[in-house]
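Please read the structure below before turning to the comments.
The values are calculated or read from the model by the stated rules, or taken from the named source; none is laboratory data. Predicted, not measured: the structure shown is a model, and the values here were computed from it. Glycine gets a Cβ as well: all are built from the backbone with ideal geometry, and neighbour counts include every protein chain shown. Keep in mind that these areas ignore ligands, DNA and RNA; they rest on the heavy atoms of the full protein, side chains included. Shrake-Rupley method; radii C 1.70, N 1.55, O 1.52, S 1.80 Å.
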Amino acid sequence: MSKLTTIQREIQAVLAQVDEHLLVDTAALIREKQRIFVVGEGRSGLMAKSFAMRLMHLGATVYVVGETITPSISHEDILVAISGSGKTKSVIWTAETANKLGCSVLALTTDLNSPLVQAATHTICIPASTKYRKATEMKSIQPLGSLFDQCAHLVFDTICLNFAELNEIGFEEVFKRHSNME
């Protein structure tokens, strides 16, 4: 079997375990909030930034934690925090801080018993392998948390599709918000 086919099968096996109704509910939750903030480190952070970009294309007010133009968060906002292991200290600290301020906190992780989930008000479990390769995690031919990051990207894109549908946003409107300085 080719590596590409194996990777596709791994992704399919993980995503088959994600409750798609939860992704519709998440889009509705995000829609209710004034602003959306995202946080993550490493490749998971790139997935968070990708999610923020697509939400911006969909007309949402969205910020990446740690960027110079990111304002303070308030109780009317939501923080989307991603960490495969759920143990990334900066992500946990940000989630705990947002929670103390009365914000909704959505965690994306593999570990429902992680410190990140404890700081969250909502959780999406993506049961993929991480860099720690616990016995309970799905096996993968890919290094580190690649499988988690790939699946997180697809989960985020599905949330965005649901968000677009809820807000009746079509391709033309999205395209108008796409960068025109490239």
- prompt: Can you tell me which of V80, V105, V117 is assigned to a strand (DSSP E or B) and either more than 15 Å from M47 (Cβ to Cβ) or over 14 Å from the mean Cα position of the chain (by Cα) (or both)?
  reply: V105
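So that you can scan it fast, the table gives a plain yes or no per residue for (1) on the phi < 0 side of the Ramachandran plot; (2) surrounded by fewer than 12 Cβ atoms within 10 Å (Cβ to Cβ); (3) not in a loop (DSSP other than H, G, I, E, B):
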{"position": "L4", "(1), (2), (3)": "yes, yes, yes"}
{"position": "I7", "(1), (2), (3)": "yes, no, yes"}
{"position": "I11", "(1), (2), (3)": "yes, no, yes"}
{"position": "V14", "(1), (2), (3)": "yes, no, yes"}
{"position": "V18", "(1), (2), (3)": "yes, no, no"}
{"position": "L23", "(1), (2), (3)": "yes, no, yes"}
{"position": "T26", "(1), (2), (3)": "yes, no, yes"}
{"position": "L29", "(1), (2), (3)": "yes, no, yes"}
{"position": "V38", "(1), (2), (3)": "yes, no, yes"}
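Just name the residue that is farthest from C151 (Cα to Cα) out of those in segment 83-102 that are of a type in the set (A, V, I, L, M, F, W, C) and without any contact (Cβ under 8 Å) to a residue 40 or more places away in the chain.
Quick first cut of segment 83-102, residues of a type in the set (A, V, I, L, M, F, W, C) only: 91-93, 95, 98, 101.
Filter once more, so that each one left must be without any contact (Cβ under 8 Å) to a residue 40 or more places away in the chain: 92-93, 101.
Working: I92: 21, W93: 24, L101: 30 Å.
For segment 83-102, the residue satisfying everything is L101.
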- prompt: M53 is checked against (1) in contact (Cβ under 8 Å) with a residue 24 or more places away in the chain; (2) part of a helix (DSSP H, G or I); (3) more than 30 Å from T136 (Cα to Cα) and fails just one. What number does that condition carry?
  reply: (1)
task: Restricting attention to segment 44-54, report how many residues are at pLDDT 95 or above and either open to solvent by 30 Å² or more (accessible area, probe 1.4 Å) or of a type in the set (A, V, I, L, M) (or both).
output: 6
task: Select from segment 81-103 the residues that are out of contact with any helix residue (DSSP H, G or I) (no Cβ under 7 Å at 6 or more places or on another chain) and either of a type in the set (S, T, Y) or surrounded by 23 or more Cβ atoms within 10 Å (Cβ to Cβ) (or both) and list them in ascending order.
output: S85, T88, S90, T94, T97, A98
- prompt: Identify, please: which residue in segment 120-138 is over 15 Å from the mean Cα position of the chain (by Cα) and farther than 13 Å from S85 by Cβ and is, among those, most open to solvent (accessible area, probe 1.4 Å)?
  reply: A135
Positions within segment 83-102 being part of a helix (DSSP H, G or I) and either within 18 Å of A152 (Cα to Cα) or within 15 Å of the chain's Cα centre (by Cα) (or both), in sequence order: V91, I92, T94, A95
field: Given (1) at negative phi; (2) touching a residue at least 12 places away in the same chain (Cβ under 8 Å), index of the condition E67 fails
entry: (2)
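Checking the conditions here, which among K139, K100 is modelled with pLDDT under 95 and of a type in the set (D, E, K, R)? Walk me through how you get there before you give the answer.
Details: K100 fails: modelled with pLDDT under 95.
Within the list K139, K100, the selection yields K139.
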